[in-house]
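J.: Dumping the structure here so I can ask a few things about it.
Readers should treat all values here as calculations from the given coordinates under stated rules, not as data from a laboratory. Because the structure is predicted, anything quoted here is derived from the model rather than measured. Don't worry about glycine lacking a Cβ; one is built from the backbone with ideal geometry, like all the others, and counts go over all protein chains shown.
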Amino acid sequence: MAETATADLDALLEESGFSDERIVHLPDASVAELLREHYGLDVELRRLPTEKDDTFRAVTDDGAWTVKISSPAEPVELIGLQTEAMIWAGDHMSSHGPAVPRVLRSRTGAASVPLSADDAGGLGARRVLRVLEYLPGVPLGMREGYRPTASELAGFGGACAHLSLAMRGFSQSSDARRLAWDLAELPTLAPLAEHLSGRELELAERSLSEYEKYAAAVVPTLDHQVGHNDFNPFNVLLGDDGHVAGVIDFGDVVRTATVLDAAVGAGSMIDLDERGWWLVTQFMAGYLQVRDLDWRELEVLAVAAPARQAQRLLLRGLAAAQSAERAAYLASHATDLADPLAGVLNIEVAERVASLRELRRPS
């Protein structure tokens, strides 16, 4: 049984691009030359921090762009999935929903450019170049000392729900991939607890136990669709008025339970400040005004939202064992996951469920 679980975990991590392969970045000058060749752009590049790919900001007379070159570990077809999902979301977004980046077409009209082994000084093999609109706004997670109000949190939740609704009906051959960042895979990640210790280990195991007891068997029976699956404070852009101006980074799109996509957004609010579960309820108050969830889904969300933090602990522990660069990137998004998670887990599951049920609109 243990060998089977280990093999399943290894397969999941490999498909998700988690490996101890050293990250090799492309030289800035090579990226600039590729942009001139394929897009006719002559720009200065500013490198942006990312987990595993090469990402830059580029400014032209026509606007600002995000230049992304995928890691060789990411299959080309998955880059296509992300790009098509972004285009679909933009085409189907409600006028009340957040902006998503437009895709700049290459000189040949393509949405992306597969690179060859000869590109970028021999480093281009299995990589894909894309140019995306650089949306205005400041990531929520980069507003130091920012404490969102109940109204603002509801706005975040509403934006998450609008994005979920925009993604309805989207399908693509690769959308059923397995992904370590899919909360449905949380039980598969359990062996990664070996990379944790002390309080972090205890909390991750408590959250895993909750998920197994209240959610694991129910999730496969719930509504599924392709979701953004990474609505977190570093992917949510705020305008000057505090409202959501846009949502970026479709790198984790996957077909999963609709409620788990919501749980990712709600759970990612937990470590904003010490208000913990209250942040989740205010986020969900806004979400449920736009897209309803039934009682079974709310019962799952009550344990899946904090489980997002446990998932981050597990994968951060793995990253620390594999790559100092990837570990530093994940740590930069939250130095302390334990205290916020503990605050939520100390609230009884039944109390969490009741607080969510109170938010539903009368039928």
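J.: Given the peptides 186-197, 79-90, 42-53, arrange them by the average over their residues of other C-beta atoms within 10 Å, most packed first.
T.: By packing density, highest mean first, the sequence is 79-90, 186-197, 42-53.
J.: Under the definition of Cα pairs under 8 Å and six or more residues apart, what whole-number percent is the relative contact order of the chain?
T.: Computed value for the chain: 19 percent relative contact order.
J.: So, one more: Counting only C-alpha contacts under 8 Å and six or more residues apart, can you give the relative contact order of segment 25-164 as a whole percent?
T.: 24
J.: Determine the gain in length on full extension of the stretch ASP294-ALA64; use 0.36 nm per residue of separation and subtract their C-alpha separation, reporting nm with one decimal.
T.: 78.7 nm
J.: Here's a follow-up. Can you list residues from other chains, or at least 5 along the same chain, whose modelled amide H is less than 5 Å from the amide H of PHE231?
T.: Amide H to amide H, under 5 Å and 5 or more residues apart or across chains, PHE231 pairs with GLY265.
J.: Related question: Under the rule a/c < 1.5 gives rounded, and otherwise a/b versus b/c splits prolate from oblate, where does segment 11-132 land using the Cα gyration tensor?
T.: Cα axes put segment 11-132 in the oblate bin.
J.: Tell me, rounded to the nearest percent, the portion of alpha carbon pairs in the chain spaced more than 27 Å apart.
T.: Tail of P(r) above 27 Å: 46 percent of Cα pairs.
J.: Using only Cα atoms and rounding to the nearest 10 degrees, what angle (0 to 90) does helix 150-167 make with the longest principal axis of the chain?
T.: Tilt of helix 150-167: around 60 degrees.
J.: On to the next question. Convert each backbone phi in segment 62-78 into a coupling constant with the Karplus relation 6.51 cos²θ - 1.76 cosθ + 1.60 (shift: θ = phi - 60°), then list the ³J(HN,Hα) values in order as whole Hz, x for Gly and Pro.
T.: 8, x, 9, 9, 9, 9, 10, 10, 5, 6, x, 6, 8, x, 4, 5, 6
J.: Measure nothing fancy, just the Cα-based angle from helix 2-15's long axis to the longest principal axis of the chain, in degrees from 0 to 90, nearest 10.
T.: With rounding to tens, the tilt is 40 degrees.
J.: How far apart, in nm, are the 7 Å Cα→Cβ label points at ALA29 and ARG147?
T.: Output for this residue pair reads 5.1 nm.
J.: Rounded, prolate or oblate for segment 180-334? Axes are the square roots of the Cα gyration tensor eigenvalues, ordered a ≥ b ≥ c, and the cut-off for rounded is a/c under 1.5. Can you show the working numbers first?
T.: Numbers: a/c = 1.58, a/b = 1.15, b/c = 1.37.
Oblate.
J.: While we're on this one: If the elastic network links every pair of Cα atoms under 10 Å, which of PHE250, PHE156, PHE170 fluctuates the most in the Gaussian network model of the chain?
T.: Between PHE250, PHE156, PHE170, it is PHE170 that shows the largest mean-square fluctuation.
J.: Still on this model: Do any GluC sites (Glu not before Pro) in segment 215-314 lie in a loop, going by DSSP, with at most 14 other beta-carbon atoms within 10 Å of their beta carbon, and if so which?
T.: Here the sparse-neighbourhood loop sites are GLU274.
J.: Could you work out how far apart the two model spin labels at GLU77 and GLU274 are, taking each label as a point 7 Å from the Cα in the direction of the beta carbon, and quote it in nm?
T.: 5.0
J.: Now for a separate question. With a 10 Å cut-off between alpha carbons and a GNM built on the chain, which of HIS243, HIS25, HIS96 moves the most?
T.: Answer for the Gaussian network model of the chain: HIS96.
J.: Moving to a separate point now. Give me VAL59, VAL103 sorted ascending by neighbouring Cβ count inside 10 Å, so fewest comes first.
T.: The most exposed by this proxy come first: VAL59, VAL103.
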